[in-house]
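In what follows, a structure is listed as structure tokens, so that the remarks can point back to it.
What follows is calculated from the coordinates using simple rules that are stated; it is not laboratory data. Note that the coordinates shown come from a computational prediction; the quantities given were computed from them, not determined experimentally. Using ideal geometry, Cβ is built from the backbone for each residue, glycine included, and neighbour counts are taken over all protein chains shown.
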Amino acid sequence: MSDYPMMKRLIVQFPMIAVLALVMTLAVAPAMIPGAGGQAHAGSAVPLLEDADHAARLRNLEYELRCLVCQAESVAESNSEFADDIRRQAARMIEDGMTDQQIRDFMVQRYGDFILFRPPVNTTTYLLWGGPMLLLAIGLVVMGFIMMRRRKSGDVGISNADHERARALLAERGGKGDDRQ
Amino acid sequence: MTSLRYLIPLGVFLVISGFLAVGLFLNPGQIPSPLIGKPAPEFELQQLHDPRQVVTHRDMAGQVWMLNVFASWCVTCRHEHPLLVELNRHQVIPIVGLNYKDRREDAINWLRGTGNPYVAIGHDLDGRVGMDYGVYGTPETYIIDAQGIIRYKHIGPMSGDVLEKKILPMIRELQQS
């Protein structure tokens with residue numbers, strides 16, 4: 001294979017990079033927020049907040065909070081009464097001058113981490129966040145071992161017995177007995 | 001020895017399958033409460049039957065008590081209500097009702113039909129007290145100890161099985177200490 005650098009690049013390195021890219025994307029997955037493209041928004045018919053900045057903050061928070069009744073949806077997308085309650089509470093807190101983080105903390109204090117779509121980074125969730133990268137690292141290490149072993153025994157993956165036969169045949173022919181041909 | 005190495009991918013697969021299998025039996029509707037082990041949130045609500053009176057978290061201090069979140073519009077509450085009536089009849093534990101996002105008249109009428117197992121009922125019209133307790137559906141039931149700490153939360157209607165296996169033993173244990 002080392003005689004054909006182009007082919008090696010195509011067959012070995014290109015797929016490796018593709019897989020790498022895929023795993024990197026997956027590694028970021030815990031941070032992705034569904035619905036943040038802004039497609040579905042089930043706000044109340046009358047806007048809760050007059051001020052444009054406040055309304056924008058509320059909108060962002062709504063996408064970050066999970067509707068616990070219909071759990072795949074954010075509070076922004078859900079039509080349930082629970083989502084409505086959360087929206088109103090968040091709107092009230094924005095008007096009272098609380099920060100986004102204070103509002104998130106308020107919700108987590110009552111409902112637990114599950115109400116946030118983006119799981120917090122703490123000792124319990126290190127594995128969730130780091131897992132994909134950890135698996136990638138393990139995969140690379142294993143691959144490294146395999147490649148190093150391959151290199152020691154020669155690029156061609158044939159057994160030692162076959163090596164001997166080849167050497168013997170070449171020796172008969174008067175060649176150098178070198179297994180590089 | 002090399003043959004053992006070939007078992008490693010199989011081993012990894014089995015481990016992952018194990019985790020996935022456990023996941024199949026988990027119920028995402030059962031969200032663990034972060035309030036277990038923490039003091040019961042304070043509240044002060046009008047009593048359902050008499051708005052001139054209030055019921056507060058202080059009323060039950062020194063006793064092991066149960067907080068039951070219910071509403072007349074809640075269908076599954078009907079399943080557990082007879083159990084609550086029984087608990088009250090046998091004086092097992094004082095039960096405080098949290099009437100959640102319900103119209104006063106509707107709740108009073110409903111209780112008249114099903115029986116009233118509560119020593120007191122707080123009328124949580126806008127659901128704010130419920131939110132402080134992390135309520136996201138009905139019915140939900142909390143067991144609170146004599147020091148005012150929440151020790152257990154049950155989501156959904158209680159069954160005879162749950163009462164027997166989890167709740168009654170816990171109540172007995174808390175009442176003895």
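Of the peptides B:57-63, B:100-106, how do they stack up when ordered by the mean number of other Cβ atoms within 10 Å, highest first? All intermediate terms of the calculation are to be shown ahead of the outcome.
Values: B:57-63: 14.6, B:100-106: 17.1.
Highest mean packing first, the order is B:100-106, B:57-63.
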> How large is the Kirkwood hydrodynamic radius of segment B:80-148, in angstrom, based on all distinct alpha carbon pairs?
Replying inline: 12.9 Å
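Which whole-number percent of Cα pairs in segment B:67-107 have a distance greater than 16 Å? Provide the component values of the computation, followed by the final result.
Details: 291 of 820 pairs.
Cα-Cα pairs of segment B:67-107 separated by over 16 Å account for 35 percent.
With a/c under 1.5 counting as rounded, go ahead and sort segment B:108-177 into rounded, prolate or oblate using the C-alpha gyration tensor (a ≥ b ≥ c being the square roots of the eigenvalues; past the cut-off, prolate if a/b is larger than b/c, else oblate).
Numbers: a/c = 1.70, a/b = 1.35, b/c = 1.25.
Because a/c hits 1.5 or more and a/b exceeds b/c, segment B:108-177 counts as prolate.
Could you calculate, for segment A:43-141, the ratio of the Cα radius of gyration to the Kirkwood radius, expressed as Rg to Rh?
We get a ratio of 1.10 for segment A:43-141.
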> Can you work out ³J(HN,Hα) from phi for every residue in segment A:67-82, in order, using Karplus 6.51 cos²θ - 1.76 cosθ + 1.60 and θ = phi - 60°, giving whole Hz and x for Gly and Pro?
Replying inline: 7, 6, 7, 10, 6, 7, 9, 7, 4, 5, 8, 7, 9, 6, 5, 4
> Kirkwood Rh, chain B, all Cα pairs: how many Å?
Replying inline: 17.9 Å
> About its Cα centre, what dipole magnitude does segment B:38-177 give when the only charges are +1 on Lys and Arg Cβ and -1 on Asp and Glu Cβ, stated in debye to the nearest 20?
Replying inline: 120 debye
> About the Cα centre of the protein assembly as shown, what is the dipole size in debye to 20, counting +1 per Lys and Arg Cβ and -1 per Asp and Glu Cβ, all else neutral?
Replying inline: 1740 debye
> With the dipole of segment B:1-157 worked out from charges on the C-beta (+1 for Lys and Arg, -1 for Asp and Glu) around the Cα centre, which of B:S17, B:A71, B:I31 lies farthest toward the positive end?
Replying inline: B:S17
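For the protein assembly as shown, build the convex hull from the C-alpha positions and give me its volume per residue in Å³.
208 Å³
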>> I want the local charge near B:G156. Using Cβ-Cβ distances under 10 Å, sum +1 for each Lys or Arg and -1 for each Asp or Glu among the other residues.
In response: -2
